[in-house]
1. From largest accessible area down, sort 71, 190; use a 1.4 Å probe on the protein chains.
2. Could you pull the accessible area for residue 173 with a 1.4 Å probe, rounded to 10 Å²?
3. So how strong a dipole does the chain carry about its Cα centre when Lys and Arg Cβ are +1 and Asp and Glu Cβ are -1, to the nearest 20 debye?
4. With the other protein chains left in place, how much accessible area per residue, in square angstrom, belongs to region 1-102 at a 1.4 angstrom probe?
5. Need one number: convex hull volume per residue for the chain, Cα atoms only, in Å³.
6. Relative to the Cα centre, what is the charge dipole magnitude of region 98-195, using +1 at the beta carbon of each Lys and Arg, -1 at the beta carbon of each Asp and Glu, and rounding to the nearest 20 debye?
7. Find which of 18, 119, 65 sits farthest along the positive direction of the dipole of the chain, computed with +1 on the beta-carbon of Lys and Arg, -1 on that of Asp and Glu, about the Cα centre.
8. How far apart, in nm, are the 7 Å Cα→Cβ label points at residue 96 and residue 111?
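The values are calculated or read from the model by the stated rules, or taken from the named source; none is laboratory data. These figures come from a predicted structure and were not determined experimentally. Counting neighbours? That spans all protein chains shown, and the Cβs are built from the backbone with ideal geometry, glycine included. Side chains are part of the model used for accessible areas, which takes the heavy atoms of the whole protein and leaves out ligands, DNA and RNA. Shrake-Rupley method; radii C 1.70, N 1.55, O 1.52, S 1.80 Å.
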Amino acid sequence: MEQKVELFLKQFPIFEFLKETDSFIVGGTIRNIILDESIEDIDILTFNDINEISKQIAKITKGTIVKLDESTIRVVSSINYDISAPRGSNLFEDLNKRDFTFNAIAYDIKNRLIIDPLFGIEDLKNGIIRMCYNSAFEDDPLRMLRAIRFLSIYNFKIEMNTYNQILKDSYLIKKSASERIHYELIKMFSSDNPY
């Protein structure tokens, strides 16, 4: 698996630079590499200064920096790079705060190692959508729609505890911004299995 990820990353000029930093490729990027899906952006989690890392990536790629929020910066180039600060004091805390186990997989660039504390690769292989922690939908209600989107796109199954939590927390969806809901619905209805 490590070789597959590294082979993919080597085609990008930022790879050599990132090997010298305390950074990880995470989330949907790793999921899509494993599933042989197209990559829309590269998600980078860094324990270095996100402003400095973003500046260097923009310089290497001749990209444009766009600040998404206090902890995430996007470099817009031929492919987008989303550079984020960790949620928590270490990598494991960050991965445990993600939405689903198959999005909680990291690639340690420096040590060329896959880190998968929540067995997300196994869930990917078995086609299972499993929340990372019990209050995942309270923290971001849009994750409930994302679960349904993954169900419709990949024809996966929602794990029973996750499904029950969606039913319990469904009323929270009103807290999500309408444009974020719209984005998820468009993705869902564009899939082969919207029903």
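1. 190, 71
2. Solvent-accessible area, nearest 10 Å²: 50 Å².
3. Here the size comes out at about 320 debye.
4. Per residue, region 1-102 has 49 Å² of solvent-accessible surface.
5. Dividing the Cα hull volume of the chain by its residue count gives 122 Å³.
6. 100 debye
7. So the residue furthest toward the plus end is 65.
8. With each label point 7 Å from Cα toward Cβ, the separation is 1.7 nm.
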